[in-house]
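The values are calculated or read from the model by the stated rules, or taken from the named source; none is laboratory data. Because the structure is predicted, anything quoted here is derived from the model rather than measured. All Cβ positions, glycine included, derive from the backbone under ideal geometry; neighbour counts span all protein chains shown. These accessible areas exclude ligands, DNA and RNA; they are computed on the full protein's heavy atoms, side chains included. Shrake-Rupley method; radii C 1.70, N 1.55, O 1.52, S 1.80 Å.
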Amino acid sequence: MSNRRFSNWAFYVPYGLWIGLFVIAPVALIIYQSFLNLDHHFSLENYATFFKSSTYLMMTVNSVWWAFLITIFTLLISYPTAYFIHQLKHAQLWLLLVIMPTWINILLKAYAFIGIFSQSGIINQFLGLFGIGPEQFLFTNASFLFVATYIQIPFMILPIYNALDDLNPSFINASRDLGATNWQTFSKVTWPLTLPGVKAGIQSVFIPSLSLFMLTRLIGGNKVITLGTAIEEHFLTTMNWGMGSTIGVILIIAMVIIMILTGDRKSSEGRLTR
Amino acid sequence: MVEPIVSLKNVHKRYGDAEVLKGITIDLEQGKFYTLLGPSGCGKTTILRIIAGFSDATEGDVYFNGDRINDLPANKRKVNTVFQDYALFPHMNVHDNVAYGLNLQKTAKNEIDDRVQQALTSVRLADYGNREISELSGGQKQRVAIARAIVMQPKMLLLDEPLSALDAKLRRDMQYELRDLQERLGITFLFVTHDQEEALAMSDEIFVMNVGQVLQSGSPVDIYDEPINHFVADFIGESNILTGKMIRDYEVEFVGKRFECADGGMAPNEPVEVVLRPEDLDITTVDDGKLTVTIDSQLFRGDYYEIIAYDGDHNEWLIHSTNPATDGETVGLTFEPYDIHVMRLHESEAEFDARIETYTEETPEDEGAASHE
């Protein structure tokens, strides 16, 4: 009896260790450090600095604004793409092609875009044929937005595609049967019933977009400075780990807010599709 | 002849090389309860989908009130469907589900409320408007699906195996309710099922289908009493099917004996199949019996005993009897001449009807009436 109870308990050990070491401990450390000032004394100094400084607040607004833009553009591209891929005959193959870029390291992709956008890059070479340019593409806000959107698209397409796949085709037929046009069927049935997939997509795009830092430097030319860049600077350049952690905590709080806002409150009912 | 509300003329449906429908021609009249009956994969649901507009005919024409509607999209057709899985929108409550089609038509708010309430009342769910779909039982979902379709006042209601997900008791209740609803509303029902009992109980007319063809159509009684071939006889109800030989009109030979029967119009000594329904066989003494069989086993089915017996030639006989038999006992089986139904091999429905015409006129009234009007 006690033996069995022990073995049951033992099953939880790996998961407990994992969560303890890789989830709880890092978050606890970040929170702990965020209360240490430069002299390693316990204080609220970092938080005070953050909320008093217009630079940090602007940076926060900036991060949210850019993450918002990236999410919107990603959604605008991903929903129709997922919708059309889902109608295609070899949907799984097309989906694989969409996912494939995620197998390539983000830095490699960033460098590839430098090759495309730079003064001597492919686009400028092409424009040169018509006697235009060279134009400045790299290190502009537009190029940052473009590349960030490109990188996030697969993470938005996948959950939307799955939501569309889960949608019972009878619902579409039922809507058409009751006299709805294609557009009415989409807006009254397909969209509301795939909203959980859209929300999941927003979560998996918006949250990482808040803390993008490599792209801001390599593609955005540090013109866009987000909280991610600030954290990197504090940890690697100014060595102010306390301040870096404080910004980290702010980001975690922002993420929690997003999760709550996009959370599926009636998840038990929304899931009932079949 | 009443103008049919929906007609299919030589409709074919192919998916690549697979031909799902092989030339379906049916006429459906206003106000009747029709059933497409067949095993799964026979194409019955495809017919429904073609009439509803979810699928199109590869070949052939679909007419609605005399107009060809092959190219009319589903949302413009005056037919509504009750889906097998109900397809109730999970993000709307009962009222909004039923009001869905009316809202699209921009019907006035109070008219919508009235009609929704009326439709819900007719399926006995008057107080369920505010319920969420997830709070409903299977039978209730079924009724909401019906209410959502009839609120549109369609000329024709298509029902795709709507009772298949319900338990036996509820199914029987819903059969009565559906039949009653159809009679009250006076709209044409086209009901798809693989359950022959359901089809026999509810329909004005049944189309028996197999592998993309309508094998036989007619009233439940006609189809049960006069199946045209082995498949129909076997699929509708239970039967003892034996090979035999038509000696001459009104005399047939099977299991090595000759019997008087009520069929005719065939060539002398033509090979045939003979159907004897298990409920038409009566157990009697060996001396009184037309056949002698030995009881092998029996099952109590509640309202009858299902008895399996073998004759001297090892033919299996299925008998339904209200009284139990004794296993191993040798008994006689008796039946009346009109209990024997003779089927020609490879006879089409048109040929069957034509043959019936030729000999029913000369048949004495009492014999002919039992088999065919």
Residues that are crowded, with 19+ Cβ neighbours inside 10 Å and among the β-branched types (Val, Ile, Thr), drawn from segment B:198-221: B:Ile206, B:Val208, B:Val214
Hits in segment B:252-287 - residues which are open to solvent by 40 Å² or more (accessible area, probe 1.4 Å) and either under 19 Å from B:His346 (Cα atoms) or outside any loop (DSSP other than H, G, I, E, B) (or both): B:Glu253, B:Lys257, B:Arg258, B:Glu260, B:Ala267, B:Pro268, B:Asn269, B:Pro271, B:Glu279, B:Asp280, B:Asp282, B:Ile283
Subset of segment A:162-181 that is touching a residue at least 24 places away in the same chain (Cβ under 8 Å) and charged (D, E, K, R) - its residue that is farthest from the other protein chains (Cβ to nearest Cβ): A:Asp165
Residues of segment A:182-211 classified as at the interface with chain B (Cβ under 10 Å from one of its Cβ atoms), open to solvent by less than 30 Å² (accessible area, probe 1.4 Å) and of a type outside the set (A, V, I, L, M, F, W, C), total: 1
Flag for B:Glu197 being touching a helix residue (DSSP H, G or I) at 6+ places or on another chain (Cβ under 6 Å), at pLDDT below 90, charged (D, E, K, R) and at negative phi: no
Residue in segment B:317-337 that is in contact with a strand residue (DSSP E or B) (Cβ under 8 Å, 6 or more places away or on another chain), among the acidic types (Asp, Glu), open to solvent by 80 Å² or more (accessible area, probe 1.4 Å) and not in a loop (DSSP other than H, G, I, E, B) present: no
Qualifying residue in segment B:158-166 (condition: more than 14 Å from chain A (Cβ to nearest Cβ), under 23 Å from B:Glu29 (Cα atoms) and out of contact with any strand residue (DSSP E or B) (no Cβ under 7 Å at 6 or more places or on another chain)): no
Count of segment A:212-249 residues which are of a type in the set (A, V, I, L, M) and part of a helix (DSSP H, G or I): 10
Strands (runs of 3 or more DSSP E) contained entirely in segment B:1-112, each with at least 3 residues that are within 13 Å of chain A (Cβ to nearest Cβ): B:79-82
Failed condition for A:Leu36, given (1) out of contact with any strand residue (DSSP E or B) (no Cβ under 8 Å at 6 or more places or on another chain); (2) under 30 Å from A:Asn240 (Cα atoms): (1)
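Yes/no per residue for (1) in contact (Cβ under 8 Å) with a residue 40 or more places away in the chain; (2) in the same structural domain as B:Lys141 (by TED's automatic domain parsing):
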site: B:Leu170; (1), (2): no, yes
site: B:Asp173; (1), (2): no, yes
site: B:Arg179; (1), (2): yes, yes
site: B:Met202; (1), (2): yes, yes
site: B:Val208; (1), (2): yes, yes
site: B:Glu273; (1), (2): yes, no
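Quickly run through segment B:15-28 and pick out the residues that are open to solvent by 10 Å² or more (accessible area, probe 1.4 Å) and either touching a strand residue (DSSP E or B) at 6+ places or on another chain (Cβ under 7 Å) or at positive phi (or both).
B:Gly16, B:Glu19, B:Val20, B:Lys22, B:Gly23, B:Thr25, B:Asp27
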Test: B:Arg179 is in a helix (DSSP H, G or I), buried (at least 18 other Cβ atoms within 10 Å of the Cβ) and at pLDDT 90 or above: no
Residue in segment B:318-333 that is in the same structural domain as B:Ile236 (by TED's automatic domain parsing), under 23 Å from B:Gly237 (Cβ atoms) and among the acidic types (Asp, Glu) present: no
Complete set of residues in segment B:94-111 that are in contact with a helix residue (DSSP H, G or I) (Cβ under 7 Å, 6 or more places away or on another chain) and surrounded by fewer than 20 Cβ atoms within 10 Å (Cβ to Cβ): B:His95, B:Asn103, B:Leu104
Check on B:Ala126, assigned to a helix (DSSP H, G or I) and hydrophobic (A, V, I, L, M, F, W, C): no
Of residues in segment B:33-48 being at negative phi and surrounded by fewer than 18 Cβ atoms within 10 Å (Cβ to Cβ), the one nearest to the chain's Cα centre (by Cα): B:Pro39
Criterion: of a type in the set (A, V, I, L, M, F, W, C), more than 22 Å from the chain's Cα centre (by Cα), away from chain B (no Cβ under 14 Å) and open to solvent by 60 Å² or more (accessible area, probe 1.4 Å) - qualifying residue of A:Met239, A:Met214, A:Met243: A:Met239
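One line per residue, one yes/no per condition, for (1) in contact with a helix residue (DSSP H, G or I) (Cβ under 6 Å, 6 or more places away or on another chain); (2) without any contact (Cβ under 8 Å) to a residue 24 or more places away in the chain; (3) farther than 30 Å from A:Ile153 by Cα:
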residue	(1), (2), (3)
A:Ile19	no, yes, no
A:Ser54	no, yes, yes
A:Ala67	yes, no, no
A:Ile104	no, yes, no
Subset of segment A:53-85 that is among the polar types (S, T, N, Q) and farther than 16 Å from A:Lys199 by Cβ - its residue that is nearest to the chain's Cα centre (by Cα): A:Ser63
Of all residues making up segment A:71-98, the number that are farther than 17 Å from A:Leu251 by Cα and open to solvent by less than 40 Å² (accessible area, probe 1.4 Å): 9
Whichever residue in segment B:129-147 is among the charged types (D, E, K, R) and either touching a residue at least 12 places away in the same chain (Cβ under 8 Å) or not in a helix (DSSP H, G or I) (or both) and, among such residues, is nearest to the other protein chains (Cβ to nearest Cβ): B:Glu132
Where B:Thr243 falls short, out of the listed (1) open to solvent by 50 Å² or more (accessible area, probe 1.4 Å); (2) in the same structural domain as B:Ala74 (by TED's automatic domain parsing): (2)
